[in-house]
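Read the structure below first, then the notes.
The values are calculated or read from the model by the stated rules, or taken from the named source; none is laboratory data. Predicted, not measured: the structure shown is a model, and the values here were computed from it. Here the Cβ is made from the backbone with ideal geometry for all residues, glycine too, and neighbour counts use every protein chain on show. Only protein heavy atoms, including side chains, enter the accessible area calculation; ligands, DNA and RNA are left aside. Shrake-Rupley method; radii C 1.70, N 1.55, O 1.52, S 1.80 Å.
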Amino acid sequence: MLAKLRRFVRSSAANVLHYSGAADSWRLLRQRALHKDEVCVFGLHRVLTNAERSLSNSLDGMVVTEATFARLLEYLQGEFRVVSFEALFAEERQIDRSKPRCLLTFDDGWKDTYTRAYPWLKKFGMPAIVFLATGAIESRRGFWVEELRRLWRMPEARGQLKSDLRRLAGQRGDELGELEQAVEWLKHMPTATRDSFLAQLIPQELKNAEPDPVDCMLSWNEVLEMSRAGIDMGAHTVTHPLLTFENFDTVERELRVSKSVVEEKTGKSVPALAYPNGDWNEDVRRCAEQVGYRCAFTTRPGWFERREDPYTIRRILLHEGNVTDRHGDFSPAMLSLTLAGRV
Ligand SMILES: [Zn+2]
């Protein structure tokens, strides 16, 4: 009994420390953000119901549940001013110093941006910007990562997949025991090389099989409806390559074509780009500027200050694991720790 009580006291103390630490972080961040006029740019990918989440083949780091998303917006409404993309660069003569500012961004163009996130954005009257990988719009399947995970989840196929990965990766083969490691390895290579590997890894029958309906992309009609309702649309290349592995002509084409396609479809100018996987280098950055973007978003963690380079805007990526507590409920304390870069 006594031991039980002791354990209870200890875990409560840990909780108090955890939460007071989070509260301190939040106070400091808040002060700094208001003082330096920083904006917190949140990066999201997918918003899914619990049922959809269990069917989806997207990696956990891409997903927040709909319940968490709703609680997150409720919290942001109280603690932040959720601003539109335009406000990121607007000169504010009289800056409202009561709350820090944040911007909501969604990458890729998943259908759930329309079916799950958009209704909540409307309900709270919040702006956002969606970065579209234009070649994937209207697609009924996700990206190669979802295909790979689908295969990985099949008990009868996993053994073969692992041995194929080991063979293809050569010396690095032994490091690829987990799916996440295999994905990281396959991400960091030119598209042509990856495609030739994927052709050997993913059987043709699977590519032809009926895709999981939950991992669908937006349609242009859905893009248009959101755009007309004031949700900003940005570009996220055409085929979602890691730009740092591609030659200049490919980078230029990916950046230029995606921009013009979104402009043509929405009838609005597209000043913003999100680099796939957040990856950029000096050449890619320069190309974004030359193609006519006004700014570009990375996944380098941190808050954006207006005086910083607009082509390397930092973001805080949110997913279920870094905004919920151990019971799976949205936790302001966890969000504060994530904002402070401690999770
Ligand atoms: Zn992406």
Inset, instruction - Output the residues belonging to segment 118-148 that are within 12 Å of the ligand (Cβ to nearest atom) and part of a strand (DSSP E or B). - result: V130, F131, L132
Legend entry - Matching entry among D164, D195 (being in a helix (DSSP H, G or I), open to solvent by less than 30 Å² (accessible area, probe 1.4 Å), at pLDDT 90 or above and not assigned by TED's automatic domain parsing to the domain that holds R46): D164
Inset, instruction - List every residue pair whose Cβ atoms lie under 7 Å apart, where the two residues are 6 or more positions apart in sequence or sit on different chains, the first residue falls within segment 127-143 and is closer than 10 Å to G109 by Cα, and the second residue, located anywhere, is part of a strand (DSSP E or B) and more than 14 Å from the ligand (Cβ to nearest atom). - result: V130/M233; L132/M233
Legend entry - Exclusive hit being closer than 30 Å to K123 by Cβ, open to solvent by less than 70 Å² (accessible area, probe 1.4 Å), touching a helix residue (DSSP H, G or I) at 6+ places or on another chain (Cβ under 8 Å) and not small (G, A, S), set I231, I202: I231
Inset, instruction - Please verify whether segment 89-104 includes one or more residues that are assigned by TED's automatic domain parsing to the domain that holds P241, within 16 Å of the chain's Cα centre (by Cα) and either among the small types (G, A, S) or within 16 Å of the ligand (Cβ to nearest atom) (or both). - result: yes
Inset, instruction - Could you please find all residues in segment 285-321 being open to solvent by less than 10 Å² (accessible area, probe 1.4 Å), under 24 Å from L72 (Cβ atoms) and in a loop (DSSP other than H, G, I, E, B)? - result: T298, W303, R315, L318
Inset, instruction - Residues that are in contact with a Cys (Cβ under 9 Å, 6 or more places away or on another chain) and open to solvent by less than 10 Å² (accessible area, probe 1.4 Å): find the strands (runs of 3 or more DSSP E) completely inside segment 35-81 holding 1 or more of those. - result: 38-44
Inset, instruction - Could you please find all residues in segment 171-192 being of a type outside the set (S, T, N, Q) and open to solvent by 40 Å² or more (accessible area, probe 1.4 Å)? - result: R172, D174, E175, E178, E180, E184, K187, H188, P190, A192
